[in-house]
Structure formats: C-alpha cells, structure tokens
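The values are calculated or read from the model by the stated rules, or taken from the named source; none is laboratory data. Because the structure is a prediction, the values reported are computed rather than measured. Cβ coordinates were reconstructed from backbone atoms using ideal geometry, including for glycine residues, and neighbour counts include every protein chain displayed. These accessible areas exclude ligands, DNA and RNA; they are computed on the full protein's heavy atoms, side chains included. Shrake-Rupley method; radii C 1.70, N 1.55, O 1.52, S 1.80 Å.
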Amino acid sequence: MFRAASKQETTASEVPSLPELTLVKSEPSTESRQFLTRGTPAFRRATIALFLSGFATFSLLYCVQPLMPIFSEDFGVTPAASSLSLSLSTGFLAFAIFGAAAVSESLGRRSLMFISLLGAAICTIVCAVSPSWHMLLAIRALEGFLLGGVPAVAMTYLAEEIEPRGLGGAMGLYIAGNAFGGMAGRVVTGTIAEFLSWRPALAAVGILGLIAAIGFLYLLPPSRNFTLRKGFDIAFHMKAWGGHFGNAALSLLFAIGFLAMGSFVTVYNYAGFRLVAAPYDLSQTELGLIFTAYLFGIVSSWAAGLLGDRIGHFVVLPIGVLIAALGAAVTLSSSLPSIILGIVLVTIGFFMTHSVASALVGRLAHGFKGHASSLYLLAYYLGSSIAGSVGGYFWLADGWNAVIAFILVMLALCLVSALAVARLARR
C-alpha cells in the first residue's frame, strides 16, 4: 500500500520521483536477505532452471520466424502480413509483461512462470493443427500473452535471489538460454518443415516446450527474498511503474531495449526473404541453419555478463551496440559468406547489449525491481513487434538496402542512449 513515509522508514530503495508520496519497500533489506551464492547447489539449480525458462520462451516465441516465407506462400499473404505470426505474439507479450510482475506479487514468481510456460507450449501444439491463417494468428496472440509471465518475472527472481556479485554472470546465462531457445526453435522448424511440413515442425517445438517447463518446475528453488502480497492494488502498481520514469538512466535503458531488439528482429525477419530468393535460393533447412548464429549469442551473452562484472557494464554496453551496427553494415555485401558473417556479428552485438542492459535494470532500479524489469521488457518486445513489422515496408520499398538503413538509424540512437546512461549513472 501507499502511505506517507516517516524519516525512519525512508530507504534508498524508494522511488525518488515522488517525494510527496513515498513507496515504502516491501522486500527484505539487503542485510537480511539470504542470497543464492556462486558455487552452491541451489545457485546451480536456479541458473539451470532459468536457462530452461529462457530456452522455452524463445523457442516457442520465435519458432515461426523461418516459416514466414512458407506462410506467405501457403496462406497467400504478403511478407509484412506473414510477420504478424511473430509480431502479434511479441506485441501481446509486451503488454502481458507489463502486468506480469504485478500478478506475480500475489501469485508467486515460480508459479506464474510455470503456468505461462505450460500454456504457451500447449498453444504451439494447437497452432500446428490450425485450419486457417486468422486462427493461427489468434492462437499466436494468446501464446504471446501467456509468455508474458516469464521474462520480467525471471529477471526479477534473479535480481532478488542472486548475490549482487554473481548477478551479471547469472543474467548472462539466462540470456544464453534465450539465445539457445531462439536458435533451437528456428532450426527445428526450418529443418522439419522442409522434409515434412510446418505443422509437425510446430508440434515438435511445442513438445520441447512442455519438457522444458517440467524441468523448470523441478529445478527452481522457492523464493527466499520475496513475500506474497495479498490482493491486487492497482494504485500501488501504477505508482511503482510511474516512479521508475523519474530515473533518467532507467528510461534510457528502456529505449536501448526497444532499439536493440527492434534492430535484431528486423534483420532476422527479412534475411529469410532475401536468402530464399535468387541468387541464393536457400532451402528451408539451409535457412534454418543460418540461425545457428545464435550459438554466438549464447557465448556472447554469458561472456558479456561476466565481463561486465569485471570491467564495468557501462564499458561493455556501447561495445555491443557497435558490433551489431558493424554486422548490419556487413550484410550489405552480395557475398553469402559475408552476409552470414554480418548476421553473426549482429547476433553477438545484440546479445551483449541485451545481457548488460538487463543486468543494469536490476542494479539501477531503486526498489520494486519487478516493475522496472517489466517496463524494460515492455519496451524490448514492443521494439520486436513494431520494428519487426515496419521493416516489411522498408523491404517492399527498396529491398535489403532500405532495411539496413532503417536498422542503422535505430542502432545509432541506441549508441547515443548507451553513452548517455553511463554518464547519468556515474553522477
């Protein structure tokens, strides 16, 4: 609840932008917390469980990406329309994330994440038997809404339960799970779709998601630094969200999430249309194998987290953006090996940026970290949804050159934001 705080109640965790009405922190003080520490069995179980949650979320979410050219042909829709199979999911996920952290306050972190993973896996299996394009889109929208219960809550769990000196590495491993899931979902559907069809391809990913959800439930330790909040106080949550916008550094991190994710998804959405056409004429299996570039994302996200813990997150953040921009420029080449190299660099740069920005949100948020994480991920997935679809109009206007021009503008804004957030946070 909200109430005026006395001097004795005022802490550094209060939202600073509302001096006349202070949010009193509802979580244990740092001194009284029982963190999961590196090297312990509980720490390992938590990181593996959250790796599985990231794997399931991204494999279920992005499994349709290599199928977009097939959807365009089978259902007779444009490339921009086919991107709705992903953009609707990420759009509904973005707004679900906005409220997921609030719901987890009364339902519990672990329970909400499991229910979300289970429901999304079932939706993917139902998509495999969808009789029409519009029904497929409706189920994908529902799936995105359900998946909203995972990302913000997972980031919050890490920020609450992992010792601060190990947070960067743990967050990096979680993001590595995202990368591995994104790769696996795309490679599995791309390969199976060529030899069978897109329907068994989606069914296979849905079954993998069910297995990952069960493993997550078994492995994740219960929260020790979180207390359930009875009821749902909308005024409390609105003040908690609004308070974070008083932190300029956090607002810039939200912008970075939007721009980095928007750039990354736009590359992968329309690279497929370029590479299945002449002169490349890649098959669905070959196109799916392009997504093994995510292996570099797995390594780079984990390494960026560890590197950020050692040399500083504000040093690593702009480096990631620059690598992504270099990769986007390299894809302008007409050489297939150069295009693949460019996609690899974009992937490395993006996962470095996202891993570090995610950790910084947890560090720079003054209390109510779940609400801060949900705002970051709202921006992140809106970037995927909006830029991912807008990129289709650039593709129709002037092909790949226009798409890359659009991406480079977003990455330039992302770099400016990364440099600005470092200055603000060091004041």
Heavy-atom surface of the stretch 247-426, accessible at 1.4 Å and reported per residue (Å²): 33
Peptide ranges 272-280, 51-59, 303-311, 213-221 listed from the most packed, as the mean C-beta count within 10 angstrom indicates: 51-59, 303-311, 213-221, 272-280
Portion, in percent, of the accessible area of the stretch 247-426 that falls on carbon or sulfur, probe 1.4 Å: 73
Highest average packing first - 198-205, 68-75, Cβ atoms within 10 Å: 198-205, 68-75
Heavy-atom accessible area per residue - the stretch 36-220, 1.4 Å, Å²: 31
HN-Hα J in Hz across the stretch 303-319 - Karplus 6.51, -1.76, 1.60, θ = phi - 60°, x for Gly and Pro: 5, 5, x, 5, 5, x, 5, 9, 10, x, 5, 6, 7, 6, 4, x, 4
In order through the stretch 144-150: 3J(HN,Hα) via Karplus (6.51 cos²θ - 1.76 cosθ + 1.60), integer Hz, x for Gly, Pro: x, 4, 5, 5, x, x, 9
Amide H partners (placed H, <5 Å) of Ile162, local residues excluded: Leu36
